[in-house]
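The values are calculated or read from the model by the stated rules, or taken from the named source; none is laboratory data. Please read these numbers as outputs of a predicted model, since none were measured by experiment. Here the Cβ positions follow ideal geometry from the backbone for every residue, glycine too, while neighbour counts run over all protein chains shown. For the accessible areas, the whole protein counts, side chains as well, though only heavy atoms, and no ligand, DNA or RNA atoms are used. Shrake-Rupley method; radii C 1.70, N 1.55, O 1.52, S 1.80 Å.
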Amino acid sequence: GEGTEVRLALPLSMAVSNVMIIESAGQRFGIPMDAVAETVRVARRAIRVIKTQRTTVLRGQVVPLIALNDLLALDIAPIANEDDELAVLVARVEGEELGIIVDDCRETVDIILKPLEGVLAALPGYAGSALLGDGSVLLVLDPQKLTTSRLMTT
């Protein structure tokens, strides 16, 4: 009957999420792991353009490709590795697979996802933010909303 009782109450607006950290245009972003189908390296020579859409073939299936920099309206080309291969994160968007070209795929981490507030809450394509162990802020992307908002503006 003696001792100390500690209660920790977390607001419902926060949730623990598993995300993959990716890099693009010199910045780090997070992608929820439940949206990630796989990560691959695609040789530039294996990328084809059908009408105006970049595509590649992965395991016998044609997968559309779009650069994360294009989705974020950043005028910077993706960086290939020394073998002229691009890092591609294959995401599930509305039941289909979409290849998102990034500069690099990093580790997966568990984070406490906090929704964006104020003016930032109106930005399409972001699921929220998290504070990493090194003190930096990680913006977590929502691939479905990010690609939908981009496709509506093009």
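Summary of values
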item	result
1 or more residues under 23 Å from Ala121 (Cβ atoms), touching a strand residue (DSSP E or B) at 6+ places or on another chain (Cβ under 6 Å) and open to solvent by less than 20 Å² (accessible area, probe 1.4 Å): qualifying strands (runs of 3 or more DSSP E) within the stretch 1-77	15-24, 27-32
Within the stretch 143-154, considering residues that are open to solvent by less than 50 Å² (accessible area, probe 1.4 Å) and touching a helix residue (DSSP H, G or I) at 6+ places or on another chain (Cβ under 8 Å), the one modelled with the highest pLDDT	Pro143
Filter result (under 24 Å from Arg59 (Cβ atoms), part of a strand (DSSP E or B) and more than 12 Å from the chain's Cα centre (by Cα)) within the stretch 78-109	Glu85, Leu86, Ala87, Glu96, Glu97
Within the stretch 25-63, tally of residues that are among the small types (Gly, Ala, Ser) and at negative phi	5
Conditions (1) surrounded by 14 or more Cβ atoms within 10 Å (Cβ to Cβ); (2) of a type in the set (Asp, Glu); (3) touching a residue at least 60 places away in the same chain (Cβ under 8 Å); number of the one not met by Asp110	(1)
Long-range neighbours under 7 Å by Cβ, at least six apart or interchain, first residue under 22 Å from Leu74 (Cα atoms) within the stretch 10-35, second among the basic types (Lys, Arg) and at pLDDT 90 or above	Ile21/Arg28; Ile21/Arg106; Ile22/Arg106; Glu23/Arg106
